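Quick note: the coordinates plus some simple rules give every number you see, no bench work behind them. These figures come from a predicted structure and were not determined experimentally. A quick note on method: Cβ atoms are made from the backbone with ideal geometry, for glycine too, and the neighbour counts reach across all protein chains shown.
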Amino acid sequence: MQVTKFLFDFGFWDYFIILLYFIVIVFIGFKFSKPKSDSTDQKEDFLLAGRKLTLPMFVTTLVATWYGNILGVGEFIYNDGIVGWLCFSFTYYIAAFLFAIFIAGKVRKMNIATIPEQIEKFYGKKASIISSVIVLIITLPAVYVLLLGVIVEMATGLNLTLSIIIATVISFTYIIKGGFKADVVTNSVQFVIMYLGFIFLLFFIFKNFGSPEIMLSKLPESHLNLTGNYGLQFVIVWFIIAFQTFVDPGFHQRCSAAMTPGTARKGVLISIVCWIIFDFMTLTSALYARAYFPELSSGLMSFPVISNAIMPEFFKGFFIVSVLATVMSTLDSYAFISGATIGNDLIKPTKFGGRKDTKYWTKIGIIITGVFSIILAVLLPSAVQLIYKTASIAIPGLLFPITLTYFSKFYLSPRNTVMIMLISSSVSAFWTIMNSFGIELNFIINNIFVNIEPMIPGIITSLILGIIFTKKKISYH
């Protein structure tokens, strides 16, 4: 993650609102997330908030966790225009809609706490262990730890290492204490803050720069083209990538925690509407940044630069709080899932698990996640970026086996499941290596490895093997 050094021009009230945010979010995380002492299932209470997520809570926590890479959204739109919205947003609306219609309710009906538990139920222990590793690769929040540290550094002027440590410790304290309920409660507050922050930003954008018509006239022509400088194939690739939604641990966790299958289904559909509204605000803000600040050295700075230039004291601080809230909501959620995977799915079932319960080992897992993420973010930022890329390696291994569990007419053997997981992820890993290290072959072959996203051949491999290995269940009457 390459970010140009930038420091906000803050006054007293800006620093006050940032400090107040951290105090309030920690207080809320501790105060309103105490597990019920009379709960008969401590595991379910800690991992899934007792499966009692109401529709409003479901929507706010799901929406808030969507935008962890908020600066990356601004960068894509700043550099390439509305194709950024088409790839980063619209494609995911389609995937989320299909997830809501066909999958969300089924996730809730299964009454399973985690994806590895679901894999074990259908495909056995070996497949479950592999899926746990895959989930860790997807959810390890080192990227968001680094991004949060960068934002704190821009806001305070503290060095990056100290910014990373302070922000991460604050984010992790209340989820260690309150579990998933703490994550959900703080997400709901962060949901309100992130929307208000961009509403304020748009208000000052329109006040300072005038109508969108003037702004649009200042943009390069390619920025107003649906496919930008890329072409239709690039967009189609993003449509395929968006189907990682089907194996996203955050979606599964929230659907599992919903009060009813209907809550999960309706919650995802309402969330899509909320995402459309928020994406309209981020799209507009980034396009204004491109029109009026066209010489930025990095598109990642689009939101910080335009907000710093036009927002008065207090509102400027509130906007950076909204960016912090957006990143922290994703960081908290992924940190908790990663901790649950380590504690509940990898340690607890082994002899090392002993007599300690899931709650204890999940807390240990969260601590391990935090320490490892900080080390990576501070010492090996290039490795953090590598982990971010490895999601495209991991996801193909889960996509077909997980999706098949929701269709009871079909059967996949444990052995073949393991083969699909390992082979499809290996194909994507090979593709990533060929791409990253620029192995020189003939022009045509090298061009293929450079221009095709590694996730695509992995998903195609998974689908082909899945079709070959899947058998229809025979029913006896």
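Miscellaneous remarks
- In percent, rounded to a whole number, the relative contact order of segment 138-255 is 13, using alpha-carbon pairs under 8 Å and six or more apart.
- Fraction of the pair-distance distribution of segment 126-176 above 18 Å, Cα-Cα pairs, percent: 44 percent
- Amide H to amide H distances under 5 Å link MET259 with LEU53, where only residues 5 or more positions off or on other chains count and H is placed in the peptide plane.
- Given charges at beta-carbon only (K, R positive; D, E negative), |dipole| of segment 7-105 in Debye: 460 debye
- A dipole drawn for segment 12-382 from +1 and -1 charges on Cβ atoms has a positive end, and of GLY299, PHE16, ILE270 the residue lying farthest that way is ILE270.
- Over segment 108-149, all Cα pairs binned in 10 Å intervals from 0 give whole-percent P(r) values of 28, 37, 23, 11, 0, listed from short to long.
- Exposed trypsin sites (Lys or Arg not before Pro) absent - longest run of the chain, DSSP non-H/G/I/E/B, at most 14 other C-beta within 10 Å: 37-217
- Neighbour-count order for ILE270, ILE452, fewest beta carbons within 10 angstrom listed first: ILE452, ILE270
- The equivalent ellipsoid of segment 186-319 has semi-axes of 31, 22, 12 Å, largest first, where each one is the square root of 5 times an eigenvalue of the Cα gyration tensor.
- Directionally averaged projected area (convex hull, Cα atoms, segment 59-103), nm²: 3.4 nm²
- Distance between modelled label sites at ASN208 and PHE280, nm, 7 Å Cα→Cβ extension: 2.3 nm
- Put in order of Cβ neighbour count within 10 Å, fewest first, the listed residues HIS223, HIS252 become HIS223, HIS252.
- Extension gain from LYS177 to ILE368, taking 0.36 nm per residue of separation minus the Cα-Cα distance: 67.3 nm
- Relative contact order (percent, whole number), the chain, Cα cutoff 8 Å, 6+ residue spacing: 29 percent
- Summing charges over neighbours of TYR406, with a neighbour being any other residue whose Cβ is under 11 Å away from its Cβ, gives +3 when K and R count +1 and D and E count -1.
- Going by neighbour counts of Cβ atoms within 10 Å, the residues TYR174, TYR360 line up, fewest first, as TYR360, TYR174.
- Taking max minus min of the alpha-carbon positions on each principal axis, the chain gives extents of 72, 62, 42 Å, largest first.
- Computed from phi, the 3J(HN,Hα) profile of segment 255-272 under the Karplus parametrisation 6.51, -1.76, 1.60 (θ = phi - 60°) reads 5, 5, 8, 5, 4, 9, x, x, 4, 5, 5, 5, x, 5, 5, 5, 4, 4 Hz, with x in place of Gly and Pro.
- Taking θ as phi - 60° and the Karplus parameters 6.51, -1.76 and 1.60, the scalar couplings of segment 345-352 work out to 9, 10, 8, 4, x, 8, 5, 6 Hz in sequence order, x denoting glycine and proline.
- Here segment 12-382 is assigned +1 on the Cβ of each Lys and Arg and -1 on the Cβ of each Asp and Glu. Its dipole about the Cα centre then comes out at about 1520 debye.
- With θ taken as phi - 60° and the Karplus curve 6.51 cos²θ - 1.76 cosθ + 1.60 applied, the whole-hertz 3J(HN,Hα) list for segment 283-292 is 4, 4, 5, 5, 5, 5, 4, 5, 5, 9 Hz, x standing for glycine and proline.
- Counting all C-alpha pairs of segment 253-411, share separated by more than 20 Å (%): 72 percent
- Viscosity 1.306 mPa s, 10 °C: Kirkwood-radius Stokes-Einstein D of segment 75-162 over Cα pairs, µm²/s: 95 µm²/s
- R0 of 22 Å, Cβ-Cβ distance LYS126-LYS356: FRET efficiency to nearest 0.05: 0.35
- In angstrom, the C-alpha Rg and Dmax of segment 1-158 are 19.9, 58.
- Part-to-part distance (alpha-carbon centres) for segment 258-322 and segment 92-166, which is given in Å: 21 Å
- Over segment 76-184, relative contact order from alpha-carbon pairs under 8 Å, at least 6 apart, %: 11 percent
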